[in-house]
Each structure stands twice: as structure tokens, then as C-alpha cells.
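Report on the following structure.
The values are calculated or read from the model by the stated rules, or taken from the named source; none is laboratory data. As the structure is a prediction and not an experimental result, all values here were calculated from the model. For neighbour counting, all protein chains shown are included, and Cβ atoms are generated from backbone atoms with ideal geometry for every residue, glycine included.
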Amino acid sequence: METLKIECTKAEDWRNEYFDIHNDQDIERLNCIFYSMTPEERIRAFYSNHSLAGNKVLLTSSFGTTAVFLLHLFHRENIKQAVHFLDTTYHFEETLAYKAKVTKLYDLEVIELKPEEWKNKFTREHQLWKTDPDLCCSVNKVEPLLTIKKQAEVWVSGLMSWQNDHRSQMDIFQKKDGVLKFYPIINVTEEEANEYIEKFNLPVHPLKPLGYESIGCKHCTFKGKGRSGRWSGTAKTECGLHR
């Protein structure tokens with residue numbers, strides 16, 4: 001992550017401070033303050049500051065192999081934040097079963113977002129995942145989230161920098177399209193994430209032991225290390241949600 005060039009305020013001084021989430025300097029200060037915190041402390045700190053938590057917050061989860069890490073952090077901190085899930089209609093049955101299991105285990109409020117039916121049908125009939133995977137992702141992921149994203153001021157998600165080159169350039173906080181993105185576990189290593197999941201005996205996605213380390217839609221997900229099994233054989237590395 002890029003070295004921050006401003007001096008951080010001591011933790012006890014900023015809890016009641018007002019942060020303008022649309023101000024670049026305030027976002028830089030937030031990155032500076034939050035950088036030395038653990039993921040638990042980051043989530044706790046975010047929700048303890050009214051100028052941050054007082055915004056309209058969107059939390060998303062793919063219920064993939066590492067998703068349970070962030071969801072368990074929210075559970076441990078007893079923060080009741082609704083979780084938005086993109087139901088592309090192309091998920092593995094194992095993913096849907098896993099989502100149901102984690103939802104029940106942590107008493108989550110999960111809100112499902114679905115693509116427009118006629119557009120989704122078009123992608124199915126023309127098998128766009130083969131001919132135009134970018135358009136397929138746009139129709140089934142990007143567009144369904146767009147409406148709810150327009151209503152949000154802060155978007156929280158569980159991206160981690162080791163997952164690909166694009167994510168390795170991300171900060172804890174960054175502004176994109178008028179929304180403040182908050183990545184509380186962005187600089188957690190793969191080893192640390194796995195250790196956390198093992199330490200707390202968190203449920204494992206049923207496809208992970210079979211060699212699937214990153215799981216999305218079934219047509220574009222294959223076995224592979226890290227995210228190498230996503231859109232295998234193409235230059236595509238992201239669905240477009242986090243670009």
C-alpha cells in the first residue's frame with residue numbers, strides 16, 4: 001500500500017471528530033489513522049464514529065471462500081448490518097447452500113439483488129459468458145448493484161490485496177463514483193485469513209476442499225490457486241464491480 005504522508009491523530013482524539021467522506025484530505029487522514037489497526041478495530045472504529053457510520057452503508061458479500069472472514073468480524077462485534085448478495089442465477093448450488101448456512105449461523109439479514117429477468121434470459125440464451133463475459137457480468141452483477149449503490153454513501157466489502165494486481169493497489173478507504181469504499185481487511189494476507197478461519201472454526205465453502213479457491217458464477221469458475229480459476233484462459237480478472 002502507498003505510504004501515507006500525513007501525520008495521524010492519536011486514536012483518543014479522533015473518535016468524535018467529523019470526517020467529510022467526500023473530502024480527499026479527510027479520506028487520506030482516515031487511511032492514516034486506520035492503517036495500524038486490526039480488522040476488528042477498524043470495523044469497531046468505523047461504527048463508533050457517527051460521521052462515518054451515520055452515512056448510508058452498503059455491505060456486500062459473494063459468500064465465496066473468504067467471505068466468512070468479514071461476516072464473522074461483524075458478528076463478533078455485534079454489528080447488525082444488512083448484507084447484499086448478487087443472485088446472478090448462475091451460482092453453484094454449493095454457494096447457495098453455503099449462503100443459507102452462514103446466514104442462519106450468524107443471524108444475518110441478507111438482501112438478494114437480481115438482474116432484470118429479460119436481460120438475464122438474454123445472457124442465458126446467448127451464453128454470453130462464452131462470447132462476451134464482460135457484458136454478462138455487467139448485466140448480471142454491475143447493473144443490479146447500481147440502483148442500490150446510488151443510494152449508498154459508504155460501500156463495505158471484503159477485498160484483499162493479495163487476490164490480484166488491481167486489488168493490491170487499493171487503500172482501506174478510497175472514493176469512487178461519489179461513494180466511499182471501505183475495505184477493512186484489504187491488507188490481511190492469505191495466510192492470516194486462513195489462520196483466522198481455522199482459529200474460529202468458521203464454516204468452509206464446500207467447493208474449497210475440491211480445489212476451488214475463488215468462486216463466482218459456475219460457468220466462469222474453475223479449480224485453481226488464488227483467483228487463477230476465475231475466467232481461466234482470458235485476460236479478465238474482475239467482474240467490474242470493483243473497477
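I want to confirm something. Restricting to segment 122-147 and keeping residues that are out of contact with any His (no Cβ under 8 Å at 6 or more places or on another chain) and closer than 17 Å to Leu59 by Cα, which single residue is modelled with the lowest pLDDT?
Thr147
Give all pairs with beta carbons closer than 6 Å in which a residue from segment 123-141 that is surrounded by 13 or more Cβ atoms within 10 Å (Cβ to Cβ) meets a residue that is basic (Lys, Arg) and assigned to a helix (DSSP H, G or I); count only pairs at least 6 apart in sequence or on separate chains.
Filtered contacts from segment 123-141: Val139/Lys119.
Of everything in segment 183-211, what is within 19 Å of Arg44 (Cα to Cα) and free of Cβ contacts under 8 Å to residues at least 60 places away in the same chain? Give them in sequence order.
Hit for segment 183-211 is Tyr183, nothing else.
Does any residue of segment 164-171 turn out to be touching a residue at least 12 places away in the same chain (Cβ under 8 Å) and more than 29 Å from Asp20 (Cβ to Cβ)?
Yes: one or more hits.
Which one of Thr95, Thr103 is without any contact (Cβ under 8 Å) to a residue 60 or more places away in the chain, part of a helix (DSSP H, G or I) and under 19 Å from the mean Cα position of the chain (by Cα)?
Details: Thr95 fails: without any contact (Cβ under 8 Å) to a residue 60 or more places away in the chain.
Only one candidate passes the filter, namely Thr103.
Taking the residues in segment 53-71 that are outside any helix (DSSP H, G or I) and more than 16 Å from the chain's Cα centre (by Cα) as candidates, determine which candidate is surrounded by the most Cβ atoms within 10 Å (Cβ to Cβ).
Filtering segment 53-71 for residues outside any helix (DSSP H, G or I) gives 54-66.
Next, only the ones that are more than 16 Å from the chain's Cα centre (by Cα) stay: 54-56.
On the way: Gly54: 12, Asn55: 15, Lys56: 11.
Taking the candidates together, the pick is Asn55.
Looking at Phe74, is it among the aromatic types (Phe, Trp, Tyr), buried (at least 20 other Cβ atoms within 10 Å of the Cβ) and not in a helix (DSSP H, G or I)? Talk me through it step by step, then tell me what you get.
Numbers: among the aromatic types (Phe, Trp, Tyr): yes; buried (at least 20 other Cβ atoms within 10 Å of the Cβ): yes; not in a helix (DSSP H, G or I): no.
It is false that Phe74 is among the aromatic types (Phe, Trp, Tyr), buried (at least 20 other Cβ atoms within 10 Å of the Cβ) and not in a helix (DSSP H, G or I).
Just to verify a result, which residue in segment 172-186, among those that are at pLDDT 90 or above and surrounded by fewer than 21 Cβ atoms within 10 Å (Cβ to Cβ), is nearest to Leu146 (Cα to Cα)?
Pass one, segment 172-186, residues at pLDDT 90 or above: 172-175, 179-186.
Applying the additional criterion that residues be surrounded by fewer than 21 Cβ atoms within 10 Å (Cβ to Cβ) yields 174-175, 179.
On the way: Gln174: 18, Lys175: 16, Val179: 12 Å.
Looking at the filtered set, the residue picked out is Val179.
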